[in-house]
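Engineer: The structure follows.
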Amino acid sequence: MKSVYLFLTVICLSLSCSSPSSEQNAGNIISLENTKKLQTTSLEIINAIPLETNSENLMGNRLRIRKSESHLYIMDEESKRKSLHVFDQAGNYIKMDIEEGGGPENIPSLDDFLIGTDGKLELLSTVGDMATIYQISKSGSPEIKFKSEYVATSFTKLPNDEYLLCGGYNLPIIKNRVVKVSATGEIVDTYLPNEYSGQLLPMTERNFFLSGNKVNFIESFDHQAYQYAGDSLKPIYTIDFGPYAIPSSYWDMDFMEGFSMLNEKGFGNITAIFQGDQNTLIECMLQGPFGVYKQLLFLDDDKNTKYSIKINEEESPVFYYPIGIDQEGHFLFLTYHDSLKDYLAQIGQPINFSLPESDFNFPVIISTTLTP
């Protein structure tokens, strides 16, 4: 829990004072207080994929996971020297595909990655005032696809081979927090004007969340989740954090005054959004003098129902890191072998899936169903 708190505190120190977004109109406002509260026992674990672990691919909790038709690609977001590990869909380890470094088989930085519709791996590497998109060649070496003077920290690819790049609040370098670029890197459209005027250190975070042809977008300290459609980014959900909403006055305060106020009252933040065919899972993080916890919002679009589960990492580590929704509508979480075994023993559920013996406390992807 402490590591998450420190991570968000760094963001606070970076932001100081400005409104994150001038877009305040959202079609679907969700109040955390008005959702139906559930316990973690409403989540039933039905399957698990253990990720084969050795001394060469030890990873932490903050893993960015992408899935192709045949493989899982995983990057440890908190690693000092980021690398991309490849597993098959059963969790068997295949290789390390790329690593940060100065050699011909490396890239200078690994900020984000994706698997294109053609199955090819693409990587974002931003150094100084230049962002570079690499593509892995058939020989396994990184090849430059294009360069952009837009300083991006995350990206995604659109069906027409154009890209969305996010640069955040880094003025005066970034005039728009999101831009669209062509397949060769020219800026063809801009979104979310950057109205922030204070000093800001660039942040690297996951901003884009894909679900089929849907492209969703979130960013730190914005209470809205957006969707890219019709050549625009429009809010699709607004989270009402109640007493933990960041007041508009915060963005006009002196840095130390604003920072002190947030830590004294507490605040909420959207940290992930996953969409299935009928269900949506929104991960919200709240922190303050009470510590740090998450509220997981489960939205049933068909029944128009809204449920929430409060998650504390120390008490419920098994469900603390949601990572997606699969094609069957199951909610996916990342946990670790020891936490999973302890939890199953605690609730008396037999292990009806394979968990291999290992010298390492290996990560496990679990599939769950929600029964309100």
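The values are calculated or read from the model by the stated rules, or taken from the named source; none is laboratory data. Every value quoted in this text rests on a predicted model; they were computed, and no experiment measured them. So basically every Cβ, Gly included, is an ideal-geometry build from the backbone, and we count neighbours across all protein chains shown. Please note that ligands, DNA and RNA were not included when accessible areas were found on the heavy atoms of the full protein model with its side chains. Shrake-Rupley method; radii C 1.70, N 1.55, O 1.52, S 1.80 Å.
For every residue, the table says whether it meets (1) of a type outside the set (Val, Ile, Thr); (2) open to solvent by 20 Å² or more (accessible area, probe 1.4 Å); (3) over 23 Å from residue 151 (Cβ atoms); (4) in contact (Cβ under 8 Å) with a residue 40 or more places away in the chain.
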| residue | (1), (2), (3), (4) |
| --- | --- |
| 65 | no, yes, yes, yes |
| 69 | yes, yes, yes, yes |
| 80 | yes, yes, no, no |
| 85 | yes, no, yes, no |
| 100 | yes, yes, no, no |
| 105 | yes, yes, yes, no |
| 112 | yes, no, no, yes |
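Engineer: Let me ask something additional. I'd like the residue in the stretch 132-153 that is crowded, with 18+ Cβ neighbours inside 10 Å and hydroxyl-bearing (Ser, Thr, Tyr) and, out of all such residues, is farthest from residue 69 (Cα to Cα).
Structural biologist: 150
Engineer: Considering only strands (runs of 3 or more DSSP E) fully contained in the stretch 286-372, which possess at least 3 residues that are under 18 Å from the mean Cα position of the chain (by Cα)? Before the answer, list the steps.
Structural biologist: Details: elements: 291-300, 305-311, 322-325, 331-336, 363-370.
Counting at least 3 such residues, we get 291-300, 322-325, 331-336, 363-370.
Engineer: Select, from 95, 80, the only residue that is of a type in the set (Lys, Arg) and in a loop (DSSP other than H, G, I, E, B). Even if it seems obvious, please write down each step before you answer.
Structural biologist: Numbers: 95 fails: in a loop (DSSP other than H, G, I, E, B).
So the residue among 95, 80 that is of a type in the set (Lys, Arg) and in a loop (DSSP other than H, G, I, E, B) is 80.
Engineer: All but one of (1) surrounded by fewer than 20 Cβ atoms within 10 Å (Cβ to Cβ); (2) farther than 22 Å from residue 177 by Cα hold for residue 308, so report the exception by its number.
Structural biologist: (1)
Engineer: Can you tell me which of 319, 333 is at pLDDT 95 or above, in contact with a Pro (Cβ under 6 Å, 6 or more places away or on another chain) and open to solvent by less than 30 Å² (accessible area, probe 1.4 Å)?
Structural biologist: On the way: 319 fails: in contact with a Pro (Cβ under 6 Å, 6 or more places away or on another chain).
None of the other options fit; the residue is 333.
Engineer: Take the stretch 31-63 and flag every residue that is crowded, with 17+ Cβ neighbours inside 10 Å, over 30 Å from residue 107 (Cα atoms) and touching an Asp or Glu at 6+ places or on another chain (Cβ under 8 Å).
Structural biologist: Selection gives 32 alone.
Engineer: Okay, moving on. Does any residue in the stretch 197-223 that is open to solvent by 40 Å² or more (accessible area, probe 1.4 Å) come within less than 7 Å, Cβ to Cβ, of a residue that is at pLDDT below 85 six or more places away or on a different chain, and which pairs are these?
Structural biologist: That search, which allows pairs on different chains as well, returns 197/18; 197/171; 199/16; 201/14; 202/170.
Engineer: Sticking with this one: Looking at the stretch 255-284, which of its residues are open to solvent by 10 Å² or more (accessible area, probe 1.4 Å) and in a strand (DSSP E or B)? Before you say what the answer is, go through the steps one by one.
Structural biologist: The first filter runs over the stretch 255-284 and keeps only residues open to solvent by 10 Å² or more (accessible area, probe 1.4 Å), leaving 255-257, 259-261, 263-265, 271, 274-279, 283.
Selection gives 271, 274, 275, 279, 283.
Engineer: In the stretch 32-56, how many residues are part of a loop (DSSP other than H, G, I, E, B) and over 21 Å from the mean Cα position of the chain (by Cα)? Steps first, answer last, please.
Structural biologist: From the stretch 32-56, those part of a loop (DSSP other than H, G, I, E, B) are 35, 39, 51-56; that's our starting set.
Remaining after also requiring over 21 Å from the mean Cα position of the chain (by Cα): 35, 39, 52-56.
Summing the residues that are part of a loop (DSSP other than H, G, I, E, B) and over 21 Å from the mean Cα position of the chain (by Cα) in the stretch 32-56 gives 7.
Engineer: State which residue pairs qualify: first residue touching a residue at least 12 places away in the same chain (Cβ under 8 Å) and inside the stretch 346-363, second residue among the aromatic types (Phe, Trp, Tyr) and not in a loop (DSSP other than H, G, I, E, B) in any location, beta carbons under 8 Å apart, and separation of 6 or more residues or different chains.
Structural biologist: 361/336; 362/336; 363/336
Engineer: When only residues in the stretch 64-77 that are more than 19 Å from the chain's Cα centre (by Cα) and assigned to a loop (DSSP other than H, G, I, E, B) count, which is nearest to residue 325 (Cα to Cα)? Spell out how you get there, then give the answer.
Structural biologist: Here is the first cut: in the stretch 64-77, the residues more than 19 Å from the chain's Cα centre (by Cα) are 69-71.
Okay, now just the ones that are also assigned to a loop (DSSP other than H, G, I, E, B), so 69-70.
Values: 69: 15, 70: 17 Å.
Within the stretch 64-77, the match that is nearest to residue 325 (Cα to Cα) is 69.
Engineer: Given the criterion within 30 Å of residue 278 (Cβ to Cβ) and open to solvent by 10 Å² or more (accessible area, probe 1.4 Å), identify the matching residue among 129, 189, 161.
Structural biologist: 161
Engineer: Mind listing just one residue for me: the one in the stretch 336-345 that is in contact (Cβ under 8 Å) with a residue 24 or more places away in the chain and over 30 Å from residue 301 (Cβ atoms) and, of those, surrounded by the most Cβ atoms within 10 Å (Cβ to Cβ)? Working first, answer last.
Structural biologist: The initial filter retains those residues of the stretch 336-345 that are in contact (Cβ under 8 Å) with a residue 24 or more places away in the chain, namely 336-337, 340, 343-344.
Then drop every residue that is not over 30 Å from residue 301 (Cβ atoms), which leaves 336-337, 344.
Details: 336: 22, 337: 20, 344: 17.
Within the stretch 336-345, the match that is surrounded by the most Cβ atoms within 10 Å (Cβ to Cβ) is 336.
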